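Written out below as structure tokens is the structure these notes cover.
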Amino acid sequence: MGWLLFFSVVIIVIVIRVLKTNTITEYYDSGIVKSSGITRFGIRVGEFKYYDKNGFCYCVQKYSSGELIKKAYNLKFAHEEITSNREIILQATKNNWLDLQYASDELRNDREVVMEVVKNNCHALQFASNEIKDDPELLIELLHVNHHSFVLEYASTKMKSNREFVIKIIKNNGFAFKYASDDLKNDREVVLEAVKNSAAALKYASNDLQNDRDVVMEAVKNEGDALQYASDELKNDRELVMKAVKSVGWALEYASDDLKNDRDLVLEVVKNEGDALQYASDDLKNDREVVLEAVKNRADAFKFASDDLKNDREFIIKAAKTNGYILEYASRKFKKDRQVVMAAVKNSIDNINDASRAWGYRQSAIEYAKRRLKNDREVIMEAVKNEGYALKYASRRLKNDREVVMEAVKNEGSALAYASRRLKNDREIVLEAIKFDKEAIQYASEEMKNDPEIVEALKGENEK
């Protein structure tokens, strides 16, 4: 009986829903459907479709319980009555700025319509009328709406040759110089304005102005790598190249071969940007002093040293004493050389910035040593004295060595994370770790986390 009642109710509900579901259809005078959709209890549900006078569906609106949740337009083949409707075009271009291309000539010449669409996407200007693309006041106004280089990109040919207009644009965005006329790309004053704002604008200057020392000097003052766009003659200008590489060390790549072999210049560069060594001449990649200065700045510069120096044991030890992290780039035979590894671990200090550390990136020279040396007590002791974090790479035996672990946590409390389970339960070691870093308590055993003496010590740290 109960089931019968249930099915009766279901059938009644279905019947009511069917009876209350209406198809709403509007027609043009010609009899062609203008719009159609379904309502249930007077509320729109599902899709409502809108058609032009030719019966082409130009808009679909999707409803859920009377709420409009999606609207899509297809104006490419719509009747001109639709594409000349200001409200429809404004609505369509809110969803897709590309629909401006299907608007009537009148609407593509409507300042307010174009302004509204360009606010949505700067590239919509390409579909504006020629009259708008030729209007300097409107184009400047559009520049204030969106600071991209698009204004000059889509401006008329006439405006791209308008000196006063182009200068106004490139003062706001130097990269827009790319779209200036060829005549203006050979205009010294215009080019100077462009490279002051964006050094890369030098790329689009005429050959004559890429060989103009003052213009190129202005560009490399702004950004050294603009040197790549200078003439070959100026890439051999020592003063100019020095200005460039002081700004951006790897601009050395674009210097002449003569200057890449200039010892004093290259030394100056690698002191500030070690990996610029890759652009130095082969002779200087084999120069001990130059390479040492480079690795002092960046360990990975060692990759670019000559093969002779990479295989010179005496030099490797000297380099490791300068920057222990070169061990990462040393050959296999030196990674198992005890004297080399000892020099490296004594001279590697964690230089990872806080942001990298927050992402869990850390580094220690001992990481790159061969396994045998990670089980060498003296080597590991030197490593953890320098960087507590180095305990991570110690052998299991040494992670259980009380003296080694104590030295590590004295240097860095969080090194407790890499201690053996037994030593994470050592009160004295845990106390030493939290003295350095109270957050290290998270790595202690549960017993130590609840130890009265340690709890008291943590309270004292919090009160400091």
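Read-outs throughout are calculated quantities, based only on the coordinates presented, and are distinct from any laboratory measurement. Since the model is a prediction, treat every value here as computed from it, not as a measurement. Note that we place each Cβ from the backbone using ideal geometry, even for glycine, and neighbour counts take in every protein chain shown.
The length gained by stretching the chain between ASP182 and ASN261 to full extension, at 0.36 nm per residue less their Cα-Cα distance, is 24.8 nm.
Distance from the C-alpha centroid of segment 162-237 to that of segment 401-429: 60 Å, rounded to the whole angstrom. Under the combined filter of DSSP loop state and at most 11 neighbouring Cβ atoms within 10 Å, segment 208-270 retains none of its chymotrypsin sites (Phe, Trp or Tyr not before Pro). The alpha-carbon atoms of segment 184-239 define a convex hull whose volume equals 60 cubic angstrom per residue. Of interest is the spacing of the C-alpha centroids, which for segment 286-352 and segment 22-42 amounts to 80 Å. Dipole of the chain computed with +1 at Lys/Arg Cβ and -1 at Asp/Glu Cβ about the Cα centre; of PHE175, ALA299, ILE89, farthest Cα towards the positive end is ALA299. Using Cβ point charges alone (K and R +1, D and E -1), the dipole size of the chain about the Cα centre works out to roughly 2540 debye. Semi-axes of the equivalent ellipsoid of segment 358-464 are 25, 14, 11 Å, computed as sqrt(5λ) over the eigenvalues of the C-alpha gyration tensor in descending order.
Here the average projected area of the convex hull drawn through the C-alpha atoms of the chain stands at 40.7 nm².
Distance between the C-alpha centres of segment 83-152 and segment 52-70: 25 Å, rounded to the whole angstrom. Counted by Cβ distance under 15 Å from ASN95, the other residues give a net charge of +3, where Lys and Arg count +1 and Asp and Glu count -1.
In order along segment 227-239, the phi-based Karplus estimate (6.51 cos²θ - 1.76 cosθ + 1.60, θ = phi - 60°) of 3J(HN,Hα) comes to 4, 4, 9, 6, 5, 4, 4, 6, 5, 10, 8, 4, 5 Hz; Gly and Pro are listed as x. Maximal additional length on extending the SER395-GLU112 stretch stands at 94.7 nm, based on 0.36 nm per residue less the C-alpha distance.
Given their separation in residues at 0.36 nm each and the Cα-Cα distance between them, LYS385 and LEU458 gain 23.8 nm when the chain is fully extended. About the centre of its Cα atoms, segment 89-150 shows a dipole size close to 300 debye [charges on the beta carbon of Lys, Arg (+1) and Asp, Glu (-1) only; nearest 20 debye].
Ordering TYR329, VAL195, THR157 by Cα displacement along the dipole of the chain toward the positive end leaves TYR329 in first place; charges were set at the Cβ atoms of Lys, Arg (+1) and Asp, Glu (-1). If R0 is taken as 60 Å, the Cβ-Cβ distance between GLU289 and GLN101 corresponds to a FRET efficiency of 0.45.
Candidates LEU98, ASN130, ALA72 compared by Cα position along the dipole of the chain: farthest toward the positive end lies ALA72, with charges placed on Cβ. The share of Cα pairs per 5 Å bin across segment 140-258, counted from zero up to the longest distance, runs 2, 14, 24, 21, 15, 11, 8, 4, 1, 0 percent. Near ASP135, no amide H atom lies under 5 Å from its own; only residues 5 or more places off or on other chains count, and H is placed 1.01 Å from N.
Computed about its Cα centre, the charge dipole of segment 38-180 is approximately 540 debye, with only Lys, Arg, Asp and Glu carrying charge at their Cβ. The angle between the Cα long axis of helix 136-145 and the longest principal axis of the Cα atoms of the chain comes to about 60 degrees, rounded to the nearest 10. Shown in residue order for segment 93-100 are the 3J(HN,Hα) couplings computed by the Karplus curve 6.51 cos²θ - 1.76 cosθ + 1.60 at θ = phi - 60°: 6, 5, 7, 8, 4, 5, 5, 4 Hz (x for Gly and Pro).
With r defined as the distance between the Cβ atoms of ASN425 and ARG377 and R0 fixed at 22 Å, what FRET efficiency is calculated, to the nearest 0.05? Efficiency computed from Cβ-Cβ geometry: 0.50. Among the listed pairs LYS410/LYS459; LYS335/LYS374; LYS168/LYS243, a Cα-Cα separation exceeding 18 Å is found for LYS410/LYS459; LYS168/LYS243.
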